[in-house]
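Q: One structure coming up, written as structure tokens, with questions to follow.
Here, each number is a calculation from the coordinates, and none is a lab measurement. Everything quoted here is computed from the prediction, not taken from an experiment. Heads up, the Cβs are rebuilt from the backbone with ideal geometry, glycines too, and the neighbour counts pull from every protein chain shown.
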Amino acid sequence: MRIDIITLFPEVFTPLDVSIIKKAKEKSIVEIKIWNLRDFSKDKHKKVDDKPYGGGKGMVLKCQPIFDAVEKIKSENPKSKVILTSPTGILFDHKIAKKLSEEKGLIIICGHYEGVDERVRKIVDYEISIGDYILTGGELPAMVIVDSIVRLLPGVLPEEAPIYDSFYNYLFDWPCYTRPQNFKGLKVPEILLSGNHKEIERWRRNKAIERTKEKRPDLYEKYLKEGGKDDIKKS
Ligand SMILES: C[S@@+](CC[C@H](N)C(=O)[O-])C[C@H]1O[C@@H](n2cnc3c(N)ncnc32)[C@H](O)[C@@H]1O
């Protein structure tokens, strides 16, 4: 998969050069290209923003450099879908990440200042928000979106790993423990030391159900609606 990011701040994307995302790039599962919006400015001072019509606060990112950047990237990868990071977009979740991970390519536009000229929305396929709060720019949302999508690409994680992550089937992940068995009197549940893999699996599934039901009843309802069981009984 190819992902292109259009930004005024290419230097902030170093988190995409470590750990799992770095390995996915090395294995050529994903190619991530960062484009500097300023390189597409036709202004002699490389300006990409201007004052809003009608007056008022802040600066607005102009159409021209954004349209030209998207056109250039699409000439290299015509099937790419365009994402605008925006507080007014649909709320990003696992379902959207899964859908986006099945696209041929993605172009992510990072807004800044007051945001982008409204006409940019004409060339956008998905407008995505990562939560009901305002960030300075679209760079962090772009990295959140890329990180969550890349994890879902085949070959990035061991085959079954994402299935047991929180949200995959609406449920949270189960509780995890590692050595030592007893830390300051806090003990690891006996069942995990039993060596009975069938029972451990059942305990984990039930814990996942229990904590989802308690912490996120909305997700638990969705899990039930999709045919999930309330309790994984002994077979
Ligand atoms: C300071 S914000 C603009 C806020 C805009 N004036 C408003 O109130 O809706 C600048 C840019 O950051 C990005 N951004 C800020 N908050 C975001 C969020 N919750 N989700 C996605 N993108 C966000 C968008 O790209 C946005 O254009």
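Q: Please list the non-local residues whose amide H lies under 5 Å from the amide H of E127, H modeled 1.01 Å from N, same-chain partners needing a gap of 5 or more.
A: Here L84, I90 satisfy the definition.
Q: Test of the criteria: in segment 23-97, which chymotrypsin sites (Phe, Trp or Tyr not before Pro) are in a DSSP loop and have at most 16 other Cβ atoms within 10 angstrom of their Cβ? Could the numbers behind the result be given before it?
A: Details: sites: W35, F40, Y53, F67, F92; in loops: Y53, F92.
Here the sparse-neighbourhood loop sites are Y53.
Q: Name the residue farthest towards the positive end of the dipole of segment 1-128 from the options G105, T7, P52, assuming +1 on Cβ of Lys and Arg, -1 on Cβ of Asp and Glu, about the Cα centre.
A: Final value for the positive-end residue is G105.
Q: Quick one: work out the % antiparallel among DSSP beta bridges in the chain, nearest 5. Write down the numbers at each step before the final one.
A: Numbers: 5 of 26 bridges.
Counting DSSP beta bridges with both partners in the chain, the antiparallel share is about 20 percent.
Q: Suppose a student asked you for the relative contact order of segment 158-235, using Cα pairs under 8 Å spaced at least 6 residues apart; what percent would you report?
A: 32
Q: Below 8 Å between Cα atoms, with a sequence gap of 6+, how large is the relative contact order for the chain in percent?
A: Numbers: 335 pairs, mean separation 44.4, N = 235.
Result for the chain is 19 percent.
Q: Still on this structure, please answer the following. Contour minus end-to-end for K25 and I163, with contour as 0.36 nm per residue of separation and end-to-end as the Cα-Cα distance? Write down the numbers at each step before the final one.
A: Values: separation 138, 0.36 × 138 = 49.68 nm, distance 2.18 nm.
Stretched fully, the K25-I163 segment lengthens by 47.5 nm.
Q: Ok, one more. For a quick check of your reading of the filter: which chymotrypsin sites (Phe, Trp or Tyr not before Pro) in segment 143-183 sit in a DSSP loop and have no more than 13 other Cβ atoms within 10 Å?
A: Numbers: sites: Y164, F167, Y168, Y170, F172, Y177, F183; in loops: F167, Y168, Y170, F172, Y177.
Sites meeting the loop and neighbour criteria: Y177.
Q: Whole-Hz ³J(HN,Hα) for each residue in segment 81-91, computed from phi via Karplus 6.51 cos²θ - 1.76 cosθ + 1.60 with θ = phi - 60°, x for glycine and proline: what do you get?
A: Here the 3J(HN,Hα) series is 9, 9, 10, 9, 6, 6, x, 9, x, 6, 5 Hz.
Q: Next up: Please work out the Kirkwood hydrodynamic radius for segment 118-221, using every pair of different C-alpha atoms, and report it in angstroms with one decimal place. Please list the in-between numbers first.
A: On the way: mean 1/r = 0.0575 Å⁻¹.
About 17.4 Å, per the Kirkwood formula over Cα pairs.
Q: Another question, then. Quick check: the angle from helix 63-76's long axis to the longest principal axis of the chain, C-alpha only, nearest 10 degrees?
A: Between the helix axis and the principal axis of the chain, the angle is about 60 degrees.
Q: If N is the number of residues in segment 166-225, what value comes out of its Cα radius of gyration divided by 2.2 N^0.38 Å? List each step's numbers first, then the result.
A: Values: Rg = 13.4 Å, N = 60, 2.2 N^0.38 = 10.4 Å.
This ratio for segment 166-225 stands at 1.28.
Q: Further question: Starting from the Cα of K198, draw a straight line to each of the aspartates and glutamates and keep only those under 16 Å, dropping any in the same chain fewer than 8 residues away.
A: Output for K198: E190, D231.
Q: If you take the Cα Rg of the chain and divide it by 2.2 N^0.38 Å, with N the number of residues, what do you get? Write down the numbers at each step before the final one.
A: Numbers: Rg = 22.1 Å, N = 235, 2.2 N^0.38 = 17.5 Å.
For the chain, the normalised Cα radius of gyration is 1.26.
Q: Would you mind checking the tilt of helix 197-215 against the longest principal axis of the Cα atoms of the chain, expressed as 0 to 90 degrees and rounded to 10?
A: Around 50 degrees separate the two axes.
Q: If you take every DSSP beta bridge fully contained in segment 1-70, what fraction is antiparallel? Give it as a percent rounded to 5. Write out the running numbers ahead of the final one.
A: Values: 2 of 8 bridges.
So the antiparallel bridges in segment 1-70 amount to around 25 percent.
Q: List the GluC sites (Glu not before Pro) within segment 111-203 that DSSP assigns to loop and that have no more than 16 neighbouring Cβ atoms inside 10 Å.
A: Details: sites: E114, E118, E127, E139, E159, E160, E190, E199, E201; in loops: E114, E159, E160.
Listed in order of number, the matching sites are E114, E159, E160.
Q: Give the order of C63, C176 when sorted by the count of other beta carbons within 10 angstrom, beginning with the fewest. Display every interim value, and only then the final one.
A: Values: C63 15, C176 7.
Fewest-to-most Cβ neighbours within 10 Å comes out as C176, C63.
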